[in-house]
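Notes follow once the structure below has been shown.
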Amino acid sequence: MNFTSFKIQRPMSRFSGLLLATGFVIVTYVLHLMRQWDPLLAEEDHLMEWTQAAFLCWAGVLHFRRGRRNHGDPVAWAVFGGLALLCASFLARELDIDSWGTPLFGKTLEAVLRGLLVISWLGFARFLWKNFKLLYQAFPSTTGTPVIVLTVIGGSLYLASWPFEKELFSLPENTMKFWGQLLQIFACTLFFMGSLAKLSQLGTE
């Protein structure tokens with residue numbers, strides 16, 4: 001298959017992008033008003049953290065299922081398998097696994113899961129190396145797809161939350177937590193939306 005023959009399509013219409021951005025602005029403003037009414041919004045019941053974990057979990061499962069369904073296509077498996085691993089890695093970061101059960105059990109479970117993730121990433125890197133030429137040829141036709149675009153935007157928002165988590169700005173602690181959690185929940189929402197989007201240039205659902 002000659003991947004260079006694919007015509008790069010727009011990942012989404014301008015209207016869809018504008019609608020998505022408008023939705024984020026509205027949600028941000030509403031949550032900001034709610035935080036003024038309830039300063040503990042970012043902490044209460046860890047609702048935002050569990051919402052993020054749910055989106056990441058579903059996104060990872062959907063990416064993995066799509067990768068398995070297209071396991072004969074190295075490009076599709078590279079995209080969906082890699083994104084499934086990415087979601088699993090973010091999920092492991094979001095969950096306080098070391099606090100589950102007894103201290104020994106939690107720390108052991110966390111170490112085992114992180115070890116499995118490292119092994120999985122090494123195996124994935126080996127797969128990429130073995131199929132490097134094919135993936136390199138397909139790279140221009142996949143970077144503009146909805147799956148990749150939504151994931152890149154989500155990843156950028158996730159990285160943008162890091163300064164707030166580390167309290168690098170001169171803002172009240174609760175404000176820092178609020179914006180950090182808000183950026184992360186937007187990022188996880190985009191990861192989930194990406195797991196539902198098409199890898200359209202390859203004709204892959």
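The values are calculated or read from the model by the stated rules, or taken from the named source; none is laboratory data. Computed from a predicted structure; not experimentally measured. So basically every Cβ, Gly included, is an ideal-geometry build from the backbone, and we count neighbours across all protein chains shown.
State all residues of the range 68-81 that are at pLDDT below 85 and under 20 Å from Leu190 (Cα atoms); if no residue qualifies, say none.
none
Take the residues in the range 61-107 that are closer than 14 Å to Ser120 by Cα and of a type outside the set (A, V, I, L, M, F, W, C); name whichever of them is nearest to the chain's Cα centre (by Cα).
Of everything passing the filter in the range 61-107, Ser89 is nearest to the chain's Cα centre (by Cα).
Return the pair list, or none, for Cβ contacts closer than 6 Å from residues in the range 119-140 that are in contact (Cβ under 8 Å) with a residue 40 or more places away in the chain to residues that are surrounded by 11 or more Cβ atoms within 10 Å (Cβ to Cβ) and small (Gly, Ala, Ser), at least 6 apart or on different chains.
What qualifies is Leu135/Ala78.
Can you name the residue in the range 82-112 that is part of a loop (DSSP other than H, G, I, E, B) and among the hydrophobic types (A, V, I, L, M, F, W, C) and is also farthest from Ala187 (Cα to Cα) among such residues?
Trp100
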